[in-house]
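Derivation of every value follows stated rules applied to the coordinates shown; laboratory data play no part. Everything numeric in this text was worked out from a predicted model, so none of it was measured. We place every Cβ from the backbone using ideal geometry, glycine too, and count neighbours over all the protein chains shown.
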């Protein structure tokens, strides 16, 4: 998710929010984010965001990825329902947790956690249990995602899936011979200086852990496996990589400019180049690939429960989901698919989502927050990532 | 100024800015300093006094500190040198055009930070102006990748961005040097270089220090530019400070990193002042 916020950097920023993948990505602003930010600001102004709310309007506090709020407002839905959003945009899941723990309980309404990170939210008792009878659109969610790991605990639901995607191996088919099928292909001599890696801890460490260990359940790594993973990352950085891209948007630009020809990608990168987009292909390597599900959730003791439920339900409405697709996110409800353009429909395998997740190695989970005595914790992974950054 | 502040009216005039400074800078900085001696345990702040954070900074991050300060010193020196030549030209070589040159410098400030960085990314890239020109002239057949994503690109981009900020104090210092003293030196037979070293340089010492300090401090704290154009091996301390306040949930270590950088920066600037005082003194 870092990348996420990387996204921030990019035009993407606006629509950032992705899951795991976007973890702790620094978020320097780029031309695209600037331009999109201006557009968003204009749109926000037009929609009344930031304007003095009407006396009868309910002001809902939103702490989440930039752009997802705009999707909810597709067709001017917020104004029609007398709701204004007080939006605080985030760059990482940790920001939500920090805000909630620093007095946000009882103040915050809607947040956008990534599914793999939900155990950390639940451990902190930060989320409100959801009454699905007040969210009828949940019935339209693809079955695959109605049971996404993390969104429920002991039969109680705490988050709604909102979008999805993965980080497969991506390449420029006009410049790469054959079909790469392994993360180790990134190390082929012909790709020296023609590849890069996004500064996204989860995407980078898990993809390279798959290469280092040959298995896909890399959320459980031993210290030895983590060391191998970090060593492989450092080797890649020193011997192969042109640079470390600060965001997924920057990676998309590098593909568009033909600065790179192969990398760990994210589906939207293939179309973000717009008219400059190349013949970008992607595939899940034989070792697997990480995937993520972005969610909406309500903070415990939220002050505007009724309005929050309306927003949660609207986040799954076809028009809101179609707006997500405009940002190249995978839609989460079946009834939104007919609203997508053929290009958007082709971006994700909506016809056989289960096979897609099975091929990538199952739903991605976060590294353990607390030590189990055998596997490395998320904090230890971050230690390894800093070693990679310093190398 | 001290005398002036003894007057109640003048003290009252200074009070708002002083209070603002104390409340929004000094107090938060002191809190951050205090935090740097605390620790995180199980993601919770433990208010016990320890120097472990500072030990961690200098044992675990010394390599990144070296990279950061090495980069900052090179960029500050480059920027100050280029800025001095520009300001000197505007003041003494073509004084008639001095104001116009200064206006042009001010005009470049309209370009935002990221706009300039991305402009350089475009210029230095494989299909950028430099590579295109070299290919067009037949000097090279394939674009040279090393223009971008290298420490050189960081130096070029940041020097360009910092130049206006460095030129302004230097030009101000040079403007305060009267023509009479320079002309007097010439009348007394001093060669040009002698009047430069004995008259001009000593009198613009403050401008040089300010110029160097601005460029140095900005670069020490910057980490966006290296990320965008610096390539894979230019991680600066700002990255790790950001990590501590973000994903690492370790504000005490981040605070210790910040104050370590501040202290080391003060040392570097102090050394620069001493060096300049020694070099730029009338003989």
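Taken along the Cα-to-beta-carbon direction at a fixed 7 Å, the label points for residue B:274 and residue B:66 span 2.2 nm.
Averaged over the residues of B:225-237, the number of partner chain Cβ atoms lying within 10 Å of the residue Cβ comes to 5.
Just checking the listed ones, B:46, B:153, B:12: in the Gaussian network model of chain B with Cα springs under 10 Å, the one fluctuating most is B:12.
In segment B:64-279, Cα pairs under 8 Å separated by at least six residues give a relative contact order of 29 percent.
With all pairs of separate Cα atoms included, the protein assembly as shown yields a Kirkwood hydrodynamic radius of 27.3 Å. If you wrap segment B:193-240 in the convex hull of its Cα atoms and look at it from every side, the mean projected area works out to 4.7 nm². Rounded, prolate or oblate: which fits segment B:1-139 when a ≥ b ≥ c are the square roots of the eigenvalues of the alpha-carbon gyration tensor, with rounded for a/c under 1.5 and prolate only if a/b beats b/c? Oblate. With the cut-off at 1.5 for a/c, could you classify segment A:246-349 from its C-alpha gyration tensor as rounded, prolate or oblate? Verdict is prolate for segment A:246-349.
Helical content alone sets the calculated 222 nm signal of chain B at -21500 deg cm²/dmol, taking -39,500 (n - 2.57) per DSSP H segment of four or more residues and averaging over every residue.
State whether segment B:64-279 is rounded, prolate or oblate according to the following rule on the C-alpha gyration tensor (a ≥ b ≥ c being the square roots of its eigenvalues): a/c under 1.5 gives rounded; otherwise a/b larger than b/c gives prolate, and the remaining case gives oblate. Note, shape of segment B:64-279 comes out oblate.
Taking B:112, B:270, B:230 as the candidate residues, the one with maximal mean-square fluctuation in a Gaussian network model of chain B, Cα springs under 10 Å, is B:112.
Computed from the Cα positions only, the extents of segment A:167-272 along the three principal axes stand at 38, 25, 23 Å, in decreasing order. Only bridges with both residues in the protein assembly as shown count here: give the DSSP antiparallel percent, nearest 5. If we restrict to bridges inside the protein assembly as shown, about 65 percent are antiparallel. Just how far, in whole angstrom, is segment B:60-97 from segment A:74-118 if you go by their alpha carbon centroids? Comparing the Cα centres of segment A:74-118 and segment B:60-97, I get a distance of 44 Å. For a quick check, take a GNM of chain B with Cα springs below 10 Å and name the residue from B:159, B:35, B:115 with the largest mean-square fluctuation. Largest GNM mean-square fluctuation: B:115.
Please find the FRET efficiency linking residue B:59 to residue A:88, where r is the Cβ-Cβ separation and R0 is fixed at 41 Å, and quote it to the nearest 0.05. Computed FRET efficiency for residue B:59 and residue A:88 comes out at 0.65.
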